[in-house]
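Since the structure comes first, as structure tokens, the remarks are kept for the end.
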Amino acid sequence: MILHTAVPNEFKALGVITLTADAACAHRFANVLNYLGVTPQTNISSLSVVEHYLIDNPVDVIVCEIHPECDAGLMLPSLLKRLHEDGTLEQVPSIFWTGEITMSAPARLVDGERLFDQAVPSHHFWIKYMGGVTVSALESHARLARAAGIHVEILREVGAQELVDALRAAVLTRAKNDPMRHMETFDSLAEDEVINALTTGEGLRFVFQPQFELLSRRVVGAEALVRWKHPHFGEIPPSVLMPLVNRLGLDLLLFSLVEMWTLRVMLALKRENIWIPIAVNASAKTICTPQFADRLAARMHQAGLPTRLLKIELTEDVPEPDELYLSASLTAIRAKGFQVSLDDFGTGAATMNLLANLSFDEMKIDGSFVRDVGRHSSSRKVIGGIANWAELLNLSLVAEGIEDESTIPLLHRLGCRVGQGYALARPMEIDAFLSFITQKEVSQQS
Ligand code: C2E
Ligand code: MG
Ligand code: MG
């Protein structure tokens, strides 16, 4: 449940500044923030002053006005990214964008003049603006900023309710480790520790996350994911481990380990007469290993498992060495009866290219679109568009990163039939996964 009222002193420790060149707006911001117990607030009127202020003062949130005559708010994410990258800022403040909301009918430019289209009277076609910028353009810009590690919230009004939720999220973000500092924290991981973990299996585990048919909630698949517990640092996220594994050329070794455990899980499910495909992640480099498909098929054959049960998810963390060779390898894999999925569709620079030139059985919509689906119309449009492509190309579609139960009917309406995410089930240790799947099967049969 979300509480919309601020608990006394809840935001006292947050460092909040406001960014607007308009004195009346600064006054409005100050009133609302004061009301919520946020102190002190400094208003800054230009981007260059923000830069100097941040060097000397810790700031958690910058509430900033989007205004037609001032692009400071739009430029702020780039400024924060630069200050973080050059080491000036250790912790990056969250940005809250807000501004005057207006609606306007679509206009055409004729001889330099904006002509409003009389043929589109319905309010459904009206365009929403914040501070003179279309809200859909702001949403796209915010998504890019988030992908660059800068948290941006769009507040449609500086009313207390939305602001309380956003400030509360900022408090939580502040409490967690800054993800951009993850890499630095783990920089001291010795390469020989990664080599040791992969060669001995020490500290390595494999977890399995079920995938569901969204309407019936039947389990229709799963994805295998690696976990590594370092003796000193504790759990190392795959986002840190995988670049090290790739740099050390250990990707094929990791793939073989995941595959071995996945086959064990498949055999355990086979004993229960359960036949669901399980996906294993692999980079283009791994997939392009000579005789990859033959080797995989031989392992499945030895285990007495049909190849259709193993799905290979092409990740984009290592660029494809040679598209022609990758195409040959993927085709050989599919020819043996394995399924091939394109992971994280929509994020990588080359995903469109991969989709256009290579053949797949499935595409997975990246969680960054899925997580925003309830809040941002641009994410809904992107997901609807991807679902159309999937249909045109005769591909199955999996929506990843579903964190919010309430978005499931919407995702279904947009054309996603299958999904994966914390709202449905978290990645599970092998024993927990096996009992989860067998219990589900029993309950579905009865
Ligand atoms: P991916 O293949 O896209 O895997 C999905 C990631 O989303 C997993 O993160 C999973 O734990 C996480 N996830 C699932 N549901 C949710 C949700 O509702 N919300 C959020 N925020 N996250 C969710 P994980 O395990 O940290 O893996 C990250 C990436 O690391 C994977 O992305 C994959 O590219 C790579 N990776 C993980 N395990 C392996 C592996 O065994 N081999 C290879 N080559 N890559 C792996
Ligand atoms: Mg994956
Ligand atoms: Mg993915």
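Near V340, once Lys and Arg are set to +1 and Asp and Glu to -1 for all other residues with Cβ below 12 Å from its Cβ, the sum equals +1. Over region 250-320, the reciprocal of the mean inverse Cα-Cα separation, the Kirkwood hydrodynamic radius, stands at 12.6 Å. Rounded to the nearest 10 degrees, the angle from helix 160-175 to the longest Cα principal axis of the chain is 50 degrees. Taking amide H as placed 1.01 Å from N in the peptide plane, E313 has its amide H under 5 Å from the amide H of V280, N281, A282, S341, each at least 5 places away in sequence or on another chain. In terms of surrounding Cβ atoms within a 10 Å radius of their Cβ, R380, R295, R271 rank from fewest to most as R271, R295, R380.
If you rank D251, D22, D192, D372 by fewest surrounding Cβ atoms within 10 Å, what's the result? It would help to have the intermediate numbers written out before the result.
Numbers: D251 24, D22 15, D192 9, D372 20.
By the 10 Å Cβ count, ascending: D192, D22, D372, D251.
Please report the spacing between the Cα centers of region 327-376 and region 187-217 in Å, no decimals. So the two Cα centres are separated by 21 Å.
Charge tally for I276 (other residues, Cβ to Cβ under 12 Å; Lys, Arg +1; Asp, Glu -1): +1.
Rounded to the nearest 20, the Cβ-based charge dipole of the chain about its Cα centre (Lys and Arg +1, Asp and Glu -1) stands at 1440 debye. Each principal axis of the Cα atoms in region 186-445 has its own extent, and those three values, largest first, are 48, 43, 40 angstrom.
Sorted ascending by nearby beta carbons within 10 Å, beginning with the fewest, W97, W261, W275, W389 become W275, W389, W261, W97. The count of lysine pairs in region 186-445 with alpha-carbon distances below 19 Å, taking only pairs 8 or more places apart or on different chains, stands at 6.
Taken along its three principal axes, the alpha carbon spread of region 257-391 comes to 49, 38, 25 Å, from the longest extent down to the shortest. Add +1 for every Lys or Arg and -1 for every Asp or Glu among the other residues with Cβ under 15 Å from the Cβ of N43, and state the total. Residues close to N43 contribute a combined charge of -1. Sorted largest first, the principal axis extents computed over the alpha-carbon atoms of the chain equal 74, 60, 50 Å. Rounded to whole Å, give me the distance from the Cα center of region 23-93 to that of region 385-446. Answer, in whole Å: 39.
The numbers here are math on the coordinates, done by the rules we state, and not lab data. Every value quoted in this text rests on a predicted model; they were computed, and no experiment measured them. Cβ coordinates were reconstructed from backbone atoms using ideal geometry, including for glycine residues, and neighbour counts include every protein chain displayed.
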